[in-house]
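S.K.: Here's a structure for you.
The values are calculated or read from the model by the stated rules, or taken from the named source; none is laboratory data. Quick caveat: nothing in here was measured; it's all calculated off a predicted structure. No Cβ is skipped: glycine too gets one built from the backbone with ideal geometry, and neighbour counts run over all protein chains shown.
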Amino acid sequence: MSIPEKQNPRVANLYYSGIIGLAGAIMVGIGEFILHYSAGAYGSKGFDFFQQIADWRLTYGYFIVLVFTPLYIMGYWHLYLALCPKNKALARVLFFTGGFAIVVGSIWIGSRAILGAIVKSGQEVGSSLEIDYLLTFYEGHYEVIWTLVTAVGLLISIVFIIIILRGHSLYPRWMIYCNPLLLATLPYQINYILPAVGQYLVPMGFNFGHTILFSLSLWLSRPHWGNFNVEK
C-alpha cells in the first residue's frame, strides 16, 4: 500500500488516522491475547482460566492494552472521514459513540489484570468468603460494562450500515456486512466451526474484528486518495 501524496492534508489525515487506528487494534489485540489466552479456557468455570496465566502475562498484557487503547480513537476518526461526505451528522454520531465505547471499554479491559490477581490469590490461599465476595462484586460492577459496550457496538453498526446504504461514503454497499459488531463476532464463529483456530482468536475479542475493519477501510479508500474531500 503506497503512501498518499502529502499535497492534500485531508488525504494524509484519512491515511494516517487509519494506520494509527489499525496499529491500535493490532496491539490491543496482542495485549488481550497475553491477558486472556489459556488452553482449554472456554470449558472452564467462570474466571478459573486466570489460574493458568502467569503474573508476567497479567502485567505485560495490562500495560500493552493501557498504552495502545487510545489509538483506537484515531481509527474511529478514520471511519468518520470515510463516511463523512454528505453524511456528516450521522458520521459524527458514529465517531462519538465509538469514542464512548473506547473509553468505557478501557475501564473493563483495565480491570482484567486485577481480576486475574484476585483469582490467583484464591488459588493460593484456598476458597474464602472474601474472594467470593470480590468476584461477585467484580461481576456486578465490571462485567456489566462489557454488556454496555456490546450495546453501543450495536448502535455504531446500525449507524455504519445506514450511512453506507444512503451512499456518498467511500465504501461499496457490501461493506455493510463488515460492520464493527458483526466482525467482532467472527472469532466466536470461527471457534465454533474450527476450535483449533478459534481458540487463538477469541482472546483478542473485538480487536480482531477491528483489525479487519480498519484494514479493509484503508484498502477501499485508496482510489479516493487523489480527490478526497470532506465538506466543512
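S.K.: Report yes if some residue within region 123-138 is closer than 30 Å to Y76 by Cα and touching a helix residue (DSSP H, G or I) at 6+ places or on another chain (Cβ under 8 Å); otherwise report no. Quick ask: steps written out before the conclusion?
M.R.: Keep residues of region 123-138 that are closer than 30 Å to Y76 by Cα, which gives 138.
Retained after the next criterion (residues that are touching a helix residue (DSSP H, G or I) at 6+ places or on another chain (Cβ under 8 Å)): 138.
Yes; the residues of region 123-138 include at least one that is closer than 30 Å to Y76 by Cα and touching a helix residue (DSSP H, G or I) at 6+ places or on another chain (Cβ under 8 Å).
S.K.: For region 90-123, what are the residues that are of a type in the set (G, A, S) and either outside any helix (DSSP H, G or I) or within 15 Å of the chain's Cα centre (by Cα) (or both)?
M.R.: Of the residues in region 90-123, the ones of a type in the set (G, A, S) are 91, 98-99, 101, 105-106, 110-111, 113, 116-117, 121-122.
Across region 90-123, the qualifying residues are G98, G99, A101, G105, S106, G110, S111.
S.K.: Working carefully through the options L66, L83, L35, L79, find the one that is under 24 Å from I131 (Cβ atoms), modelled with pLDDT of 85 or more and surrounded by 14 or more Cβ atoms within 10 Å (Cβ to Cβ).
M.R.: On the way: L66 fails: under 24 Å from I131 (Cβ atoms); L83 fails: under 24 Å from I131 (Cβ atoms); L79 fails: under 24 Å from I131 (Cβ atoms).
Just one listed residue meets the conditions, L35.
S.K.: Quickly run through region 96-111 and pick out the residues that are polar (S, T, N, Q) and at pLDDT 95 or above.
M.R.: Pass one, region 96-111, residues polar (S, T, N, Q): 97, 106, 111.
If the condition is that a residue be polar (S, T, N, Q) and at pLDDT 95 or above, then T97 is the only one that fits.
S.K.: Here's another thing I want to ask about it. Looking for something out of contact with any helix residue (DSSP H, G or I) (no Cβ under 8 Å at 6 or more places or on another chain) and within 25 Å of N13 (Cβ to Cβ) - is there at least one such residue anywhere in region 92-105? Let's see the steps before the verdict.
M.R.: Pass one, region 92-105, residues out of contact with any helix residue (DSSP H, G or I) (no Cβ under 8 Å at 6 or more places or on another chain): 96, 103.
Cutting the leftovers down to within 25 Å of N13 (Cβ to Cβ) gives us 96, 103.
Yes; the residues of region 92-105 include at least one that is out of contact with any helix residue (DSSP H, G or I) (no Cβ under 8 Å at 6 or more places or on another chain) and within 25 Å of N13 (Cβ to Cβ).
S.K.: Please find, among R222, R173, the residue that is modelled with pLDDT of 90 or more and either over 30 Å from I30 (Cα atoms) or surrounded by fewer than 15 Cβ atoms within 10 Å (Cβ to Cβ) (or both).
M.R.: Step by step, each of R222, R173 is checked, and only R173 is modelled with pLDDT of 90 or more and either over 30 Å from I30 (Cα atoms) or surrounded by fewer than 15 Cβ atoms within 10 Å (Cβ to Cβ) (or both).
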